[in-house]
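Contents: one structure, followed by commentary.
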Ligand SMILES: Cc1ncc(COP(=O)(O)O)c(C=O)c1O
């Protein structure tokens with residue numbers, strides 16, 4: 001069953017950085033109310049760099065796998081670089097996402113952008 | 001018995017491949033596929049008879065008008081009604097908005113109550129919410145039992161002297177539950193309330209006689225019963241339709257117009273403002289002919305066979321939760337379910353890879369999903385062209401989804 005590239009299945013089964021941070025500097029929740037997908041993203045920032053990150057949430061395999069992968073991608077990165085992060089970065093890293101499910105895949109990225117705009 | 005092989009040969013879309021596999025279409029509850037008889041009736045109308053109705057004095061206009069009225073008569077016969085009781089709308093949604101608006105103007109005031117059920121499609125809920133807001137009336141929701149049936153005890157308590165309207169779905173598009181409309185109507189009529197039935201999932205699938213149901217207004221859509229999109233029906237008792245004020249206004253629905261006022265046309269034309277969906281009505285007439293030639297008793301039997309097979313297969317898989325009655329006889333041809341811990345959208349996307357089309361989401365029934373404690377569900381729904389083999393294909397594909405994501 002191909003729209004679920006190995007990356008997605010792998011992150012769905014073994015999510016990275018799942019859980020909560022104590023006293024995070026950024027703490028955002030973003031949801032797709034229509035399907036009930038929820039992603040919470042927490043960052044600890046030191047000297048403009050993402051020192052640590054956690055996500056939590058529920059929903060479809062694509063949204064949760066994308067959230068897990070995103071945490072891996074942003075850890076150790078400067079905020080300035082993350083602000084320029086494009087949809088394609090995440091979608092490509094996921095191995096491509098079927099057209100009907102782009103919204104699910106991009107949910108964690110929307111959470112990140114929301115968090116960065118208030119950080 | 002329906003000769004499914006012959007039926008399938010009438011539906012050109014079933015020859016299609018999806019993702020390299022033969023299409024297994026299990027979403028007829030959302031919209032049905034169309035037989036060539038319907039496709040050709042619509043095309044023939046445009047090719048040979050197209051004109052506006054009820055206005056031209058020339059041959060084509062007379063032909064178009066005859067075909068439009070012939071479609072009305074066919075639909076009337078199909079549900080045991082008189083032609084002047086059939087109002088053509090653009091679909092169930094418009095028909096229910098008409099019912100809510102016009103009934104509201106006729107008989108709902110401040111402090112009055114409208115009774116609805118917790119299993120309504122948004123189309124039979126939001127128009128009543130809006131009416132209650134507009135008139136200062138109260139919306140009284142009736143719950144669903146753990147078995148997925150309408151709580152009739154709660155309904156009896158909800159209905160009072162203040163009740164002006166009872167609005168209920170005939171067959172739930174999620175639970176599949178067939179609601180006992182005659183009993184609902186009896187309770188409502190005792191206090192003089194009007195009964196509005198959302199028959200979007202019942203008229204296409206069950207033999208329906210409006211007199212036997214005992215409702216006062218009843219709505220359904222052509223596109224769910226082999227007909228075109230853009231055509232629907234509001235049936236109403238003639239005496240009631242005559243009393244109801246119009247909903248949409250403009251051309252065609254009037255008798256005489258002055259600059260500052262107008263008088264209304266007879267029913268059903270009073271409710272058909274503007275140019276109606278003529279070709280679509282003709283297509284619906286052809287759809288009704290098709291269903292009648294199969295026989296609605298047989299259509300029901302066929303749905304039942306597929307529903308029973310599906311329920312059996314789903315209930316024996318311990319990773320599946322089924323919503324609604326477990327007895328196939330208590331249901332229309334609709335089965336909603338979830339796979340443990342897996343989002344319905346993932347299920348639908350993976351099944352699509354095997355050419356299997358199912359619905360996933362809240363199916364325009366958010367309050368019901370809230371009641372079930374789930375954000376969304378998967379749903380399969382059947383029609384005359386589906387086969388037991390397709391049910392088996394679906395069930396074994398479900399096992400592969402569970403292996404991949406469970
Ligand atoms: C029970 C029920 N009511 C109303 C509707 C709305 O029908 P339509 O979208 O054709 O107006 C549907 C179909 O989605 C339905 O299943």
*Which part of region B:87-110 falls in the paramagnetic zone of residue B:122, meaning amide N under 14 Å from the point 7 Å along Cα-to-beta-carbon?*
B:93-94
*Distance in nm between label sites at residue B:326 and residue B:37, each 7 Å beyond Cα in the beta-carbon direction?*
3.9
*Within 10 Å of each residue's Cβ, count the other Cβ atoms and sort B:264, B:235 from fewest upward.*
B:264, B:235
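Please average, across the residues of B:344-354, the number of beta carbons from any other chain that are within 10 Å of each residue's own beta carbon, and give a whole number. Present the calculation step by step, with values, prior to reporting the outcome.
Working: counts 3, 14, 13, 2, 3, 11, 5, 1, 4, 5, 1.
Per residue, the number of nearby Cβ atoms from other chains is 6 on average.
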*Computed lengthening from residue B:5 to residue B:259, 0.36 nm per intervening residue step minus Cα-Cα distance*: 85.5 nm
*asked:* Tell me the angle of helix A:61-74 to the major Cα principal axis of chain A, expressed in degrees between 0 and 90 and rounded to the nearest ten.
replied: 40
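Take peptide A:55-61, look around each residue's Cβ out to 10 angstrom, count Cβ atoms belonging to other protein chains, and average those counts. Spell out each step's value before the answer.
Numbers: counts 0, 0, 0, 3, 5, 11, 10.
Mean number of neighbouring Cβ atoms from other chains: 4.
Mind checking the full-extension length gain between residue B:229 and residue B:69? Use 0.36 nm per residue of separation minus the Cα-Cα distance, one decimal, nm.
Working: separation 160, 0.36 × 160 = 57.60 nm, distance 1.84 nm.
Gain in length upon complete extension: 55.8 nm.
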*With both partners inside chain B, how many of the DSSP beta bridges are antiparallel, as a percent to the nearest 5?*
60
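Please report the antiparallel percentage of the DSSP beta bridges confined to chain A, to the nearest 5.
On the way: 17 of 18 bridges.
Percentage antiparallel, nearest 5: 95.
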*Inter-label distance, nm, simple model (7 Å from Cα along the C-beta direction), residue B:298/residue B:60*: 3.8
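Using the count of nearby Cβ atoms within 10 Å as a rough guide to exposure, how do A:75, B:224, B:190 rank from fewest to most?
B:190, A:75, B:224
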_Simple spin-label estimate for residue B:162 and residue B:319 in nanometres, 7 Å along Cα-Cβ_ = 5.0
*asked:* Using Cβ counts within 10 Å as a stand-in for footprinting exposure, how do A:45, B:144 rank, fewest first?
replied: A:45, B:144
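Here, each number is a calculation from the coordinates, and none is a lab measurement. Predicted model, so just to flag it, every value in this text is computed and none were measured. Neighbour counts run over all protein chains shown; Cβ positions are idealised from the backbone, glycine included.
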